[in-house]
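Written out below as structure tokens is the structure these notes cover.
The values are calculated or read from the model by the stated rules, or taken from the named source; none is laboratory data. Source: prediction; values computed, not measured. Because the Cβ atoms are built from the backbone with ideal geometry, glycine has one as well, and the counts that use them run over all protein chains shown.
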Amino acid sequence: MIARLSGAVELVAPGEVVVDAGGVGYRVWVPLGTYQELSRRPDGARLRVVTLIRDDEIHLYGFLSAEEEELFRALQGVSGVGPKLALRILSGLVAADLRSALARGDHGALTAIPGVGKKLA
């Protein structure tokens, strides 16, 4: 399982990057904040990676902080939240704001994120 990637980063599209590690390009899905931070790092980056194998595909999800990675994993434990929605939630709220919204029971902050309805919030 891939747990970390370091190397030059090619920005593909918001939320999607390719990390060149040892001459191999790894497509990694990232929260929007991570994508924006990587756009300011032309020399490359080191990403924490969650590797998920679904059917016949391997998907890599990358994070700059342990906190984002932890929240991504925790969100997937919620019924109805898969990796794409977990990433969308982390793109809609930075980690500290997400923790705060969850602690306060702030449903409005969560339902403002596309794909998160009242029932899920």
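Summary of values
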item: Pairs where the first residue, in the stretch 9-22, is within 20 Å of R88 (Cβ to Cβ) and outside the structural domain of L85 (by TED's automatic domain parsing) and the second is at pLDDT below 90 and in a strand (DSSP E or B), C-beta under 6 Å, 6+ apart; result: V17/L11
item: Whichever residue in the stretch 74-106 is of a type in the set (K, R) and more than 23 Å from V18 (Cβ to Cβ) and, among such residues, is surrounded by the most Cβ atoms within 10 Å (Cβ to Cβ); result: R99
item: All positions within the stretch 21-68 that are β-branched (V, I, T) and outside any strand (DSSP E or B); result: V30, T34
item: G115 being outside any strand (DSSP E or B), on the phi > 0 side of the Ramachandran plot, surrounded by fewer than 18 Cβ atoms within 10 Å (Cβ to Cβ) and touching a helix residue (DSSP H, G or I) at 6+ places or on another chain (Cβ under 6 Å); result: yes
item: Test result for S79, among the hydroxyl-bearing types (S, T, Y) and either farther than 24 Å from V116 by Cα or part of a helix (DSSP H, G or I) (or both); result: no
item: Cross-chain or 6+ apart pairs with Cβ under 6 Å, the stretch 40-57 first and touching a residue at least 12 places away in the same chain (Cβ under 8 Å), then surrounded by fewer than 14 Cβ atoms within 10 Å (Cβ to Cβ) and part of a loop (DSSP other than H, G, I, E, B); result: V49/A3; T51/M1
item: The stretch 1-17, residues that are surrounded by 16 or more Cβ atoms within 10 Å (Cβ to Cβ) and over 16 Å from A66 (Cα atoms); result: G7, V9, G15, V17
